[in-house]
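Q: Pasting in a structure now, in structure tokens, and then I'll have a few things to ask.
The values are calculated or read from the model by the stated rules, or taken from the named source; none is laboratory data. A quick note: this is a predicted structure, and the numbers were derived from the prediction, not measured. Cβ sites come from the backbone with ideal geometry, for glycine too, and all protein chains shown count toward neighbours.
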Amino acid sequence: MCKIISVANQKGGVGKTTTAFNISAALALKNSRVLAIDFDPQADLSKYADFDNTDGNPTMSDLLIGKVGMSKAVKIKDCIRHSEINNLDYIPCDINLANADLFLAGVLSRETILKRILNDDIIKQYDYVIIDCNPSLGVLLMNALTASSGVIIPVQVQDFAFGGLKTLTGVITQIQETINPDLKILGVLPTMVDRTNASKRVVEQLESIYNEALFSTQIHRATQAVESTKQHKALCLIKGSKLGEEYIACADELSKRIGA
Ligand SMILES: Nc1ncnc2c1ncn2[C@@H]1O[C@H](COP(=O)(O)OP(=O)(O)O)[C@@H](O)[C@H]1O
Ligand SMILES: [Mg+2]
């Protein structure tokens, strides 16, 4: 059965997109069929995948806006692109979703739009759908969490890393208690770990708060991350990349955690 997983944290710059893209590619490397969904109007995952925004085909924005009847309905199959080098299918996003909170305000059952979109036979052919969330607690995040069976929370290990984590887990609890009882926190993933004392301190705090929920894999800070986005190539495909190995370990741990 297809596992739908969100990568979420309302804080920006913590490594969500890097994690979503690289976990997707690492799972694909192990012959899983993976669909990565860019659900952030900033479209960073799309850029990572080298999306050609002049190709004329619909994006996640068109799919969502079409689903609520505000424009022509769009087929999900027409939104899926393929990244040859990364062996990955993906649905790109664009800036048209930036004011989703406003234009969806009056729409009935607006938290379930993505879930209804993904309830399509084409999704059943994938082993994993990985959703890269936007940095806010608005309607897009609610949609991603409602559609998912699991959520990964990347946390950049620096001082003030905890600001907002409680709010996020509170939102996850609300979703579990209302529309999606199946939603599980698959793990908190420490990102951009380095040798500084601040980094060590935050990792220790995360260990004491989250125990088993903390991934045993840690993602270290390395400039390879930026180079990988520029090359539009996942870290696990870059020869000798330590970060690539870490993301492979992270994907393995993820499969174990969901019992796949
Ligand atoms: N492990 C890492 N080491 C160094 N830089 C990283 C690492 N992970 C991500 N980055 C860089 O940090 C920035 C923010 O990461 P990103 O994944 O886009 O975060 P988010 O999606 O949460 O905003 C990007 O420029 C990215 O290339
Ligand atoms: Mg991002």
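Q: Considering LEU254, LEU165, which residue is away from ligand 2 (no atom under 16 Å from the Cβ), among the aliphatic types (A, V, I, L, M) and within 19 Å of ILE130 (Cα to Cα)?
A: So the residue among LEU254, LEU165 that is away from ligand 2 (no atom under 16 Å from the Cβ), among the aliphatic types (A, V, I, L, M) and within 19 Å of ILE130 (Cα to Cα) is LEU254.
Q: Which residues, taken from segment 51-76, are away from ligand 2 (no atom under 16 Å from the Cβ) and under 19 Å from GLN231 (Cα atoms)?
A: Across segment 51-76, the qualifying residues are ASP52, ASN53.
Q: Just one of (1) closer than 28 Å to TYR90 by Cα; (2) buried (at least 18 other Cβ atoms within 10 Å of the Cβ); (3) out of contact with any helix residue (DSSP H, G or I) (no Cβ under 6 Å at 6 or more places or on another chain) trips up LEU206, so point out which.
A: So the condition that LEU206 fails would be (1).
Q: Right, here's the next one. Please pick out the residue among VAL7, VAL34 that is of a type in the set (Val, Ile, Thr) and away from ligand 2 (no atom under 16 Å from the Cβ).
A: Matching residue, one of VAL7, VAL34: VAL34.
Q: Let me ask another. Could you pull out every one of the helices (runs of 4 or more DSSP H) wholly within segment 107-150 that has 3 or more residues that are within 19 Å of LEU45 (Cβ to Cβ), of a type in the set (S, T, N, Q) and modelled with pLDDT of 95 or more?
A: In segment 107-150, there are no helices (runs of 4 or more DSSP H) which contain 3 or more residues that are within 19 Å of LEU45 (Cβ to Cβ), of a type in the set (S, T, N, Q) and modelled with pLDDT of 95 or more.
Q: Sticking with this one: Considering only residues of segment 222-240 that are among the polar types (S, T, N, Q) and more than 16 Å from ligand 2 (Cβ to nearest atom), which is farthest from VAL193 (Cα to Cα)?
A: Residue satisfying both the conditions and the ranking: GLN231.
Q: Of the residues LEU243, LEU189, which single one is assigned to a helix (DSSP H, G or I) and surrounded by 13 or more Cβ atoms within 10 Å (Cβ to Cβ)?
A: LEU243
Q: Right, next: Residue check: is THR191 polar (S, T, N, Q) and within 16 Å of ligand 2 (Cβ to nearest atom)?
A: yes
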